[in-house]
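Here is the structure we will look at, set down as structure tokens.
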Amino acid sequence: METRIETENLSWTVHSLPDDNSDFDPEKMESMALSHLQAARSAALLAYAPYSKFRVGASVEAEKGGESRRFSGCNVENASYGATMCAERVAIFSAVAADFRNFSLLALSTLDSADQASLSARSPCGLCRQVMSEFFSDQTVILIDGGKDDAGRDCVDITTIDIVLPWRFSL
Ligand code: THU
């Protein structure tokens, strides 16, 4: 079940909200969401995707000891195909490698299929979902770029790891 929310500059499709959503305010979150969406789209422009020609970008917000920092990633393909790395994992691993493991948000943009594409064509792959589940909590916001609607408004899907990967494996 999903609901639609309109804020000044963003159309939200809400699939799930952070666990402690009592003070979730889309108006307040709009500028943060838009800037991470923009960062994910910019990251996608750096994709190395000569084989699939499918450019993906991700932007994460991660914290360490009260400091919050942004990391981005793009997909990096390989002639072997199997050695390809997804944008989300590049962003998440960059944050972890910088000792920032406390993730508050991930924004994902499949630049070449964003506009009004089905959610499945814009969603993270299974491997990335498993990596997210290693580091994300119920408080981590996952934003999926929906591109522009007919009116030229930016669209985003908002969800959390419980929806993206239910019944997940963890130790
Ligand atoms: N890709 C990502 O970067 N993230 C995903 O979650 C889905 C797939 C990349 C991998 C490959 O370079 C291209 O998209 C086509 O699968």
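The values are calculated or read from the model by the stated rules, or taken from the named source; none is laboratory data. Remember, predicted model here, so these are calculated numbers, not experimental data. Here Cβ is always computed from backbone atoms with ideal geometry, including for glycine, and neighbour counts include all displayed protein chains.
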Practice item. Read through the list (1) surrounded by 17 or more Cβ atoms within 10 Å (Cβ to Cβ); (2) aromatic (F, W, Y); (3) under 30 Å from E6 (Cα atoms), then give the number of the only condition that F100 fails. Key: (3)
Review point. Restricted to segment 73-92, and to residues that are touching a helix residue (DSSP H, G or I) at 6+ places or on another chain (Cβ under 7 Å) and among the small types (G, A, S), which residue is nearest to the ligand (Cβ to nearest atom)?
Key: A87
Review point. Under the condition of being part of a helix (DSSP H, G or I) and free of Cβ contacts under 8 Å to residues at least 24 places away in the same chain, which residue from segment 33-87 is surrounded by the fewest Cβ atoms within 10 Å (Cβ to Cβ)?
Key: S35
Exercise for review: Determine if segment 139-161 includes at least one residue that is assigned to a helix (DSSP H, G or I), touching a Pro at 6+ places or on another chain (Cβ under 9 Å), more than 23 Å from T7 (Cα to Cα) and not polar (S, T, N, Q).
Suggested key: no
Review point. Assuming D115 fulfils every condition listed in (1) touching a strand residue (DSSP E or B) at 6+ places or on another chain (Cβ under 8 Å); (2) over 22 Å from L46 (Cα atoms); (3) modelled with pLDDT under 95 apart from one, which condition is it?
Key: (2)
**Study point:** Yes/no for L127 being farther than 24 Å from M32 by Cβ, within 16 Å of the ligand (Cβ to nearest atom) and either part of a loop (DSSP other than H, G, I, E, B) or touching a helix residue (DSSP H, G or I) at 6+ places or on another chain (Cβ under 8 Å) (or both)
**Key:** yes
Practice item. Give me a count of the residues in segment 88-124 that are among the hydrophobic types (A, V, I, L, M, F, W, C), assigned to a helix (DSSP H, G or I) and more than 13 Å from the chain's Cα centre (by Cα). Key: 5
Review point. If you go through segment 138-162, how many residues are under 24 Å from R101 (Cα atoms) and out of contact with any strand residue (DSSP E or B) (no Cβ under 8 Å at 6 or more places or on another chain)?
Key: 2
Point to revise | Residues of segment 1-18 satisfying the condition of being surrounded by 13 or more Cβ atoms within 10 Å (Cβ to Cβ) and of a type outside the set (A, V, I, L, M, F, W, C) | key: E2, T7, S11, T13, H15, S16, P18
Point to revise | Exclusive hit being of a type outside the set (A, V, I, L, M, F, W, C), within 11 Å of the ligand (Cβ to nearest atom), crowded, with 23+ Cβ neighbours inside 10 Å and more than 13 Å from C128 (Cβ to Cβ), set S109, S113 | key: S109
